[in-house]
1. Over the chain, with the other protein chains present, what is the accessible area per residue in square angstrom, probe 1.4 angstrom?
2. Could you tell me how many degrees, from 0 to 90 and to the nearest 10, lie between the Cα long axis of helix 97-112 and the main elongation axis, the longest principal axis, of the Cα atoms of the chain?
3. Between Arg111 and Asp123, how many nm apart are label points set 7 Å from Cα along the C-beta direction?
4. Would you work out what percent of the accessible area of the chain, with all protein chains in place, is carbon or sulfur (probe 1.4 Å)?
5. Give the relative contact order (percent, whole number) for the chain; include only Cα pairs under 8 Å separated by 6+ residues.
6. Tell me the label-point distance for the pair Asp26, Ser70, using the 7 Å Cα-to-Cβ offset, in nm and rounded to one decimal.
7. Treating cross-link reach as a plain straight distance, find the lysines whose alpha-carbon is under 29 Å from the alpha-carbon of Lys66, omitting any fewer than eight places away in the same chain.
8. To the nearest 10 degrees, how steeply does helix 43-56 sit against the main Cα axis of the chain, on a 0 to 90 scale?
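The values are calculated or read from the model by the stated rules, or taken from the named source; none is laboratory data. Fair warning: this is a prediction, and the values are worked out from it, not measured in the lab. Note that each Cβ is placed from the backbone with ideal geometry, even for glycine, and that neighbours are counted across all protein chains shown. The area values use the complete protein model at the heavy-atom level, side chains included, leaving out ligands, DNA and RNA. Shrake-Rupley method; radii C 1.70, N 1.55, O 1.52, S 1.80 Å.
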Amino acid sequence: WLNEEVFRVPNSTVMSSMISNITYEDDSYKIYEYIDVDYGADIEKAKEIMLDVVRSHPQVITDGSKSEPSFRFSSMEASAIRLRVSYILTDHELSYTVPCQIRELIYKRFRAEGIKVPHNIIDVHVEE
């Protein structure tokens, strides 16, 4: 499957249950995108940018037929605040290309608006 997920289902469950192909009649596909920002970042501004980028992409469903794109303050990591934006694509076949485009657009908007995406810095000390 496109999410490269592995499902193990016991034979007894398969034989005694109704199995439904979730992509048979509906090609839409939900994406969860996690992006880290600096602890000094304006979270409201980051939220606004992330949702604006997602909502403006033509392959993201925003007509009310599916759940609207949403934002979450996901967690506080060691060196960053982890944010999440979720959205539903019109077609599961786009689950590789569209998220890449959206990440790139978010990154460019963050840079333009002064929101820093942290990266690990390692200090190496050499003893003589």
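1. On the way: 9270 Å² over 128 residues.
Heavy-atom accessible area per residue stands at 72 Å².
2. 20 degrees
3. Each label point lies 7 Å from its Cα, and together they span 2.8 nm.
4. Details: 4650 of 9270 Å².
Its accessible area is 50 percent carbon and sulfur atoms.
5. 32 percent
6. Rounded to a tenth, the inter-label distance reads 1.5 nm.
7. Excluding near neighbours in sequence, the set is Lys30, Lys45, Lys47, Lys108.
8. The two axes meet at around 40 degrees.
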